[in-house]
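Just below is one structure, and these are the notes that go with it.
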Amino acid sequence: MPRTLDSINSPQDLKKLAREQLPQLAREIREELVSIVTGTGGHLASNLGVVELTLALHRVFDSPRDKILWDVGHQSYVHKLITGRRERFDTLRQYEGLSGFTDRRESVHDPFTAGHASTSISAALGMATARDMAGENNHVIAVIGDGAITGGMALEAVNQAGHRGTRLLVILNDNGMSISPNVGALARLMNRLSVDRRYHRAKTGAREVVSKLPLGARMWRLAEWMKVSLGGTVLPRAFWSQLGFTYVGPIDGHDEAELERVLALVRETYHRPTMVHVITTKGKGYEPAEDDCITFHGVPPRGHSHSEHPTYSQVFGRTLARLFHDDPRLVAVTAAMPGGTGLSQVAREFPARVFDVGICEQHGVTFAAGLASQGYIPVVAIYSTFLQRAVDQVIHDVCIQNVPVVFALDRSGIVGDDGQTHQGSFDLSYLLPIPNLVVSAPKDENELQHLLLTATRCSRPMAIRYPRGFGTGAPLDPQPKELPIGKGELLRSGKDVAIVAIGAMVPAAVEAADILDGQGISATVVNARFAKPLDSELILEAAHAARRVVTVEENALAGGFGSAVLQLLRSAWLHNVSVASMGLPDEFVAQGPPELLRAQYGLDANGIARQVLDSFPELVARQTSGSEPRRARG
C-alpha cells in the first residue's frame, strides 16, 4: 500500500490532503524519522515532537513566499521531508548530503541558515522589516523552543520587535527541554502554565460548555480566544503584552486540526508581534524517546564505532570531580550542556557548585568572572563553537581583569556530522590575540587531566581546547600533575625537519615522523602543548637544528598556532629557516566523518608526511644524490 508521505514533494501537495489523511501522514513521518535518523544519526526526539506543528505551519502558510525560520534548525527534519528533500533524506548529516540544520543553499524553503540557538527572532525581525520597507505583505514566522527563547539574543530581539510593533509571528515550541531540562525563571514561568491543572480543567470545562450550545463548532473557534483569557489566569498575559506582543495559547501541539484553526485565525487577524504558545512532547510517538528525551535528543549513527577508551569529555568530567574534592574554591559553569561537556557527574556529586545558566554563553562567561572576582575558580565548560558567542566577555570581563577563569573548550577542531556551524575551527585564532590568556591543547586524554589541574592553579585565565570523541587510549596517570606554563615536550629528535604540532595533531605528527623515517628522512617532533605562551626555547632550538619547520594544527590557518610560531621565528631573526604551516584553509568545513575530513585537508599522518616532502623537495633529492644540497641564506 503506497504511503501518503511518498506523494508529498512540496507544501502544495500537503495542502491537497484531506484533514482525515493527516494522522496517517504524521504516523508515516514518525516512522520515517525513526528509521532514517537511527541510521544516519541526528536529532531525533526534537523532530518527533514537531510533526503536527510542521504540518500545520505548511498547510496554513505559503512557503517559500512566507518565511518559516526554525531556531537552531535541528528540528527541521519534518520540514525537509515535505519540502522536496524526501528522496535524499537518507543522506542526512552524511558527507555531501543534507544538512542536519537549515541551509539556504539546500532549498528555497530554508530562508535562513542556522545551527546556533536564539537567532531566529532576530533574523525574522530583519526579514519582516525588509518586507515592510519593500511594501510587500508576506508572513514571517520564527519557531523557537522554550530553551532558546531564554537566550539573551532572543530576548533582545523580542524587545526590539515589541518596540517597533512589526508584524511578526513567533511560535513558542514549549516542551520543557532544550537538550537537558531548561533552567531559569522564564522557563519556570512557562512550565508552570503547561502543567497547571487549573488551566487544563478550565480548558476541558469550556469545551464541554461550548459543545452544548447552538453552532457549537463555530463557537469553539471563538473559544480559542477564551482559552487565551483562561491561560491568563495562570500565566499573566501582561508579561508578553508589556513587551509589545499579543499572546495566544497555550495550544496542544499534537492536535493538528486545532493548530491549523488557531494559526489560520492569527494569520488573518494579527497586525503586530504575536506569540503563539504551543505545548509539545519531545520524542512524541516513539516510546524510547518519550521516556528518555535527553538520550534521544541526538542519536549516533547505526554502526557507530565504540571504544574501550573514555572520551575526552568523560576524562574532563572525572578529573574535575576529583579536583572538586580537593579544592572547595572550584565551581563549574555550563550553558545548557551539562551532559555533553561531561559535567553531569560533577553536578551529581556537587550540585551546589555546578551552574547551568541556560543557552546564555555571554552571561555564563561574565557570571564566571563575577565568581572569580570573589575568590572562586570557575571552570566554564563549553563547546568551542559556542564560546565564539562570548568573545567580548572573555576579553572585557575575564582577561582585562585577569581573573582566574578556566575555559574547557570541548569539540575543538573538526567535529564531523554537525557541519559548518559546529566545527571548532576558530578558537585558537580568536583566543591567541587576547592578553593575559593562557591557551593550551593536550596531545591526549592523559595530558588533558594534567592541563586541567594546571589551569585551576595558575591564578590567571586559561583555556584548554580538546577534540570531540574518544581519546587515544593513552594510559591515565593515577594523579594529575601540574605542568609548567608555556613548556612543551620534545617527543623525538631528528636532523632534517622539525614538526611542531599542537593538541590532537600531535599523535598524527609522530606517525608522520615514522613514515618519513622509512624514507630516510629524520624528523624532530615537538608537542607544543601551549599555543600561548609558546615554548620559545624548545621551538627555536628545534628550528635552528633542522632549518625546516612544519607546524600542524586543527584550526584555521589565519591567525592560528602556525602564525604564532612564524612570528616567533621572525622575531628571533631565524631567516634561514623554511616554514610550512598546516591547518584548515579559509573556508567553512563541511559535514562528514572527521577521519575523512582530516585526510581531505592533509591533517593525518600521510598528509603531514606528504607536506614535508612537497615543501622540502631537497630532502627527496638528497636520497637520490646521496648528499644534501647547499641552501641559500636569507
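Residues in the stretch 89-147 that are under 21 Å from S10 (Cβ atoms) and of a type in the set (D, E): D90, D103, E106, D110. Applying the set (1) free of Cβ contacts under 8 Å to residues at least 60 places away in the same chain; (2) over 23 Å from V589 (Cβ atoms); (3) surrounded by fewer than 20 Cβ atoms within 10 Å (Cβ to Cβ) to E106 leaves exactly one unmet item: (2).
No other residue among Q623, Q611 is at pLDDT 90 or above, within 22 Å of L516 (Cα to Cα) and in a helix (DSSP H, G or I) apart from Q611. Only residues that are within 10 Å of the chain's Cα centre (by Cα) and either more than 11 Å from H116 (Cα to Cα) or not in a helix (DSSP H, G or I) (or both) were counted in the stretch 374-386, giving 3. Residues considered: A185, A117, A148. Of these, the only one that is at pLDDT below 90, within 24 Å of the chain's Cα centre (by Cα), surrounded by fewer than 19 Cβ atoms within 10 Å (Cβ to Cβ) and small (G, A, S) is A185. Residue-level check: of (1) in a loop (DSSP other than H, G, I, E, B); (2) under 28 Å from A264 (Cα atoms); (3) under 22 Å from the mean Cα position of the chain (by Cα), L17 misses just (3).
Comparison of N138, N173, N159 shows that the only residue that is modelled with pLDDT of 55 or more, surrounded by fewer than 18 Cβ atoms within 10 Å (Cβ to Cβ) and touching a helix residue (DSSP H, G or I) at 6+ places or on another chain (Cβ under 7 Å) is N138.
Give the residue that is nearest to G339 (Cα to Cα), with candidates limited to residues of the stretch 358-377 that are among the polar types (S, T, N, Q) and without any contact (Cβ under 8 Å) to a residue 40 or more places away in the chain. Looking at the filtered set, the residue picked out is T366.
Restricting D417, D392, D410 to those that are surrounded by fewer than 23 Cβ atoms within 10 Å (Cβ to Cβ), outside the structural domain of L596 (by TED's automatic domain parsing) and more than 18 Å from A372 (Cβ to Cβ) reduces the list to D417. The test for being touching an Asp or Glu at 6+ places or on another chain (Cβ under 7 Å) and assigned to a loop (DSSP other than H, G, I, E, B) holds for S99. A search for C-beta distances below 6 Å between a residue of the stretch 261-279 that is closer than 21 Å to S122 by Cβ and any residue that is part of a helix (DSSP H, G or I) and modelled with pLDDT under 90, counting only pairs 6+ apart in sequence or on different chains, returns M275/W240. Among the residues of the stretch 461-495, just one is assigned to a loop (DSSP other than H, G, I, E, B), charged (D, E, K, R) and buried (at least 21 other Cβ atoms within 10 Å of the Cβ), namely R468. If we scan the stretch 451-467, do we find a residue that is aromatic (F, W, Y), touching a strand residue (DSSP E or B) at 6+ places or on another chain (Cβ under 6 Å), closer than 30 Å to L387 by Cα and at pLDDT 95 or above? Scanning the stretch 451-467 turns up no residue that is aromatic (F, W, Y), touching a strand residue (DSSP E or B) at 6+ places or on another chain (Cβ under 6 Å), closer than 30 Å to L387 by Cα and at pLDDT 95 or above.
The values are calculated or read from the model by the stated rules, or taken from the named source; none is laboratory data. This structure is a prediction, so every number in the text was calculated from the model and none was measured. When we count neighbours, we look across all protein chains shown, and the Cβ atoms used for this are built from the backbone with ideal geometry, even at glycine.
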